[in-house]
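Here is the structure we will look at, set down as structure tokens.
The values are calculated or read from the model by the stated rules, or taken from the named source; none is laboratory data. Keep in mind that what you see is a predicted model, and the values were worked out from it rather than measured. Quick reminder, even Gly has a Cβ in these numbers, built from the backbone with ideal geometry, and neighbours come from all protein chains shown.
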Amino acid sequence: MAPLSIPRKRKAATKAARPSSDLISNIPMKLVIWGLTEAKTQAELDERKLSLERIFSRYGHGAHGVHVVVLRNKGFAFVEVQCKKMANLAIKEMKGHFRVALAKSQKKIHHRR
């Protein structure tokens, strides 16, 4: 007769606590827009920033609008929008107008002068 084996207790699979969808929907998302002509003067930078703020304002943070960072002598800019849903909507709607995608890094954007 074969010895009986004692069944081992299986460890319960532990899932990391995920934030609720309400919290996820309120996290700002950063978009990168590239293929822009290079802005060389401060006036061109200011004009580009205002233009992008106006264009992307509908995807922004309510009264605060969107946060735009335009870099001198670079052919791209960053726009921070309200949430992932708005980021995806902006990508879909701006597809024919700009080359736009979610930025690889979602760190808070800030402008250093």
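Could we say that residue 111 is at negative phi, at pLDDT below 90 and either surrounded by 18 or more Cβ atoms within 10 Å (Cβ to Cβ) or touching a Pro at 6+ places or on another chain (Cβ under 6 Å) (or both) here? Answer is no for this residue. Look at residue 27 and say whether it is among the β-branched types (Val, Ile, Thr), at pLDDT below 90 and out of contact with any helix residue (DSSP H, G or I) (no Cβ under 6 Å at 6 or more places or on another chain). The answer is yes for residue 27.
Scanning segment 85-103 for residues that are among the small types (Gly, Ala, Ser) and in a loop (DSSP other than H, G, I, E, B) returns 96, 103. Of all residues in segment 42-67, none satisfies the criterion of being assigned to a strand (DSSP E or B) and modelled with pLDDT of 90 or more.
Restricting attention to segment 38-57, which residues are of a type in the set (Ser, Thr, Tyr) and either more than 23 Å from residue 102 (Cβ to Cβ) or in contact (Cβ under 8 Å) with a residue 60 or more places away in the chain (or both)? 41, the sole residue that qualifies. Within segment 81-98, being touching a strand residue (DSSP E or B) at 6+ places or on another chain (Cβ under 8 Å) and under 15 Å from residue 48 (Cα atoms) holds for one residue alone: 98.
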